[in-house]
Structure formats: C-alpha cells, structure tokens
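Chemist: Just passing along the structure, written as structure tokens.
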Amino acid sequence: MEEITRNATTEDQPLRLTFLGKNTQNGGSPTLFATNRGTYVVQSWKVKGHDDRVEIPHRLLAHTRPGTSVGTPLEDTGRGTFILTGTPVTDVEALAQMNTPDHETSIEVPVGQEIWIHAATPR
C-alpha cells in the first residue's frame, strides 16, 4: 500500500470521517477516524501550548487500517502515550460529527505504510 500524499485538491474537499476505533480511559475519549482525503483524524488530549499536537494512548494505534500507520513521528512520553503533530481540524461539519470534550482537540495526519523491520526481504 502506497503512502497517500495530500495536495490542494484533496485539502479543498469537505472532510468526511469514518470511525475506526476509540480508547476510553480516565474520562477521555481518544478516537481515530479515516477520512475521504486519505488521511487520519486523531481526536485526543490537548498538549498545552500546541494547537497542532495531541497526546494519545499507545493502544489507539491498534485501530489503524491494516497495512497502514499514522504518517507522523510518534514522541513516546514514557507513560503509555505518544504525542503526535498534525494539522488542526477546523472543518465545521467534521467537528460536529465528533463529541469533543474541552480537554481534547483533533488533528489530521497523513496515512503511512506499515513497515515490518524483520520481514523477509525478496532475494
């Protein structure tokens, strides 16, 4: 599966979300969505001082589509969570589909290709 790159055409499309999974813990509701733009939207805990970052539990990544990953670096906090950086979601219709508590926000990130580092390589 190829990584899908974003361009002006896809960025101008209204954002449509497909629910992939949720990881409720400690009153939060981190949620992963696929989009019609070939991206993921990640709804999760705000990172103070950064509108373009969210903190997610490691387990939320289990909801990515088979063969894919979130296409942004994961900063491990050392407490069972990652910090991700992406584009803040501002699409009013998409935000209306999400039940976002005040302590959460949503970002859009690229879809990456899952890579198995110990997979057999062709000869």
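Chemist: I want to make sure I understand the PRE zone here: with the label point 7 angstrom from the Cα of GLU75 toward its beta carbon, which residues in region 30-53 have backbone N atoms less than 15 Å away?
Modeler: 45-53
Chemist: To continue, here is another question. Tell me the volume per residue, in Å³, of the convex hull enclosing the alpha carbons of region 42-123.
Modeler: Expressed per residue, the convex hull around the Cα atoms of region 42-123 is 122 Å³.
Chemist: Taking the mean number of other Cβ atoms within 10 Å as a proxy for protection, how do you rank 81-89, 64-72 from highest to lowest?
Modeler: Per-residue Cβ counts within 10 Å, averaged per peptide and sorted highest first, yield 81-89, 64-72.
Only the coordinates and a few stated rules stand behind these numbers; no lab work does. All values derive from a computational prediction rather than experimental measurement. Positions of Cβ are backbone-derived with ideal geometry, glycine not excepted, and every protein chain shown enters the neighbour counts.
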